[in-house]
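Each value in this text was obtained by applying a stated rule to the coordinates, not by laboratory testing. Remember, predicted model here, so these are calculated numbers, not experimental data. Please note: Cβ atoms are built from the backbone with ideal geometry, for glycine as well, and neighbour counts cover all protein chains shown.
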Amino acid sequence: MDEDRIRLQCRTYLRAMREAFGEAALPLYASKAASFKQIYRIMQEEGMGIDVVSVGEICTAHAVGFPLERAYFHSNNKTDADILYAMERGVGYFVVDNREELDAIERVASEKGSVQKILLRLTPGIDPHTYEAVSTGNVDSKFGSAIETGQAEEITTYALTLPHLHLAGFHCHVGSQVFDADVFLRSAEIMLRFMAEMRDKHGYLAEELDLGGGFGVRYLAEDPVMNIADTVKTVGESVQALCRQLGLPLPAIRMEPGRSIVAEAGMTLYTVGTVKQIPGYKNYVSVDGGMTDNPRFALYRSPYTVLLANRTEKAEAEEQMRCSVVGRCCESGDILQENVSLPCDVTRDDLVAVLTTGAYNYAMSSNYNRLPRPPVIMVKKGNARLVVKRETFEDLVRNDLD
Ligand code: LLP
């Protein structure tokens, strides 16, 4: 992973958001995209907030002393133990998904004698038209309370009655890998109109509005380029104009970019093992990884750019073959990419690079087939250092009892 690139993305969001929404604005890195100690250290140094979705992410951020008052705790099903853990570590905000959770947080806060700041997660009823597995803003979503059905209003008025909760504002997230700025404009508009409605009907003025994440990144050369600064500026202009029209003070804006902070900063390097050609049918290039370090093709058929890394320039001039680059799991679906062009003489010990793997790869890795996870290397100004160790066989059996 390229540390300079990660820091550049953070600075781009910070600057763009402050220019668009004023000094109170804060980007929250959605740490589900890549979560390990060094990432939280970078976020702390860059002055970012973070979106965390589990106590595992909270404890990782806590381990490097990340100031958790700048952490926003998501999840649609926080257990009582999760709630207590997060409160005891001083997590600044809980993003509350539903009414049961409100009750549970109120109960734990009241037992502790504290007041917990919360945002309510609402679904604005927008389908971002990306792939279904990452679409979350629609009314029938697993996440949040829908504005359209009246449940958002119900949960808002209920939250206002709970003495150990401070309702700071609202959150929405419509989906991931979104390229159309209009999706963000429409969801911001629905949220602002809802805020105005809550002020008019219930005298409640939200201080914060979290617009979620979802900015798309380029996996292939032909993918569109999403200009972060321009898009944030466009959203800013439209939010400012609508606030004036509705007579709302500009809320403190949050955004939750995950993929667009880390994806393009990452690349996975594999060593080629078997090359199998089935004449008239298909060619396979097997590498020393697969769905265990990158399940995204198996799950979403995600496209990736794949290159022969140890002789890139020469490789392009050589005769190419179409192949599937596959992993080493006992599973036919263990495919990293199909229809890849590699030189016909690709052979054992060649290196294959899969680009744009900084987001949702290591984070979604597993030990399926009892394969140890690979290490993560961070590169900064030409110097490489290990930030996550390669798993050992000892790690694999650590929790097994005799
Ligand atoms: N905020 C919330 C509430 C989210 O649910 C997500 C992503 C984000 C922010 C960050 O979205 P981003 O900026 O990264 O698009 N595993 C899938 C992606 C799942 C995204 C889940 N939520 C993948 O590999 O494509």
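So how strong a dipole does segment 259-402 carry about its Cα centre when Lys and Arg Cβ are +1 and Asp and Glu Cβ are -1, to the nearest 20 debye?
The dipole of segment 259-402 has a size of about 360 debye.
In the chain, if the dipole is taken from +1 on Lys/Arg beta carbons and -1 on Asp/Glu beta carbons about the Cα centre, which of VAL217, THR392, VAL232 is farthest to the positive end?
With unit charges placed on the Cβ atoms, the residue in question is THR392.
With a cut-off of at most 15 other beta carbons within 10 Å, and DSSP calling the residue loop, which chymotrypsin sites (Phe, Trp or Tyr not before Pro) in segment 307-402 qualify? Please list them.
none
Would you order TYR85, TYR281 from fewest to most other beta-carbon atoms within 10 Å of each residue's own beta-carbon?
TYR281, TYR85
Normalised by the number of residues in the chain, what is the relative contact order in percent for Cα pairs under 8 Å and 6+ residues apart?
Rounded, it is 16 percent for the chain.
For the chain, what proportion of DSSP beta bridges, expressed in % and rounded to the nearest 5, is antiparallel?
Once the DSSP bridges in the chain are tallied, antiparallel ones form about 45 percent.
Please give the charge dipole size of the chain, origin at the Cα centre, charges +1 on K and R Cβ atoms and -1 on D and E Cβ atoms. Round to the nearest 20 debye.
Here the chain has a charge dipole of around 760 debye.
Can you list the DSSP H helices in the chain whose Cα atoms extend at least 24 Å along the helix axis and whose mean Kyte-Doolittle hydropathy is -1.0 or higher?
Result, helices passing both filters: 3-21, 181-202, 228-246.
Across the chain, where is the longest run that never hits trypsin sites (Lys or Arg not before Pro) in a DSSP loop with at most 12 other C-beta atoms within 10 Å?
Value returned for the longest uninterrupted segment is 143-300.
About the Cα centre, and with charges only on the beta carbon of Lys, Arg (+1) and Asp, Glu (-1), how big is the dipole of segment 219-343? Nearest 20 debye, please.
260
Under 1.5 on a/c is rounded, so check that first for the chain, then, if it is not, pick prolate when a/b is larger than b/c and oblate when it is not; a ≥ b ≥ c are the square roots of the alpha carbon gyration tensor eigenvalues.
prolate
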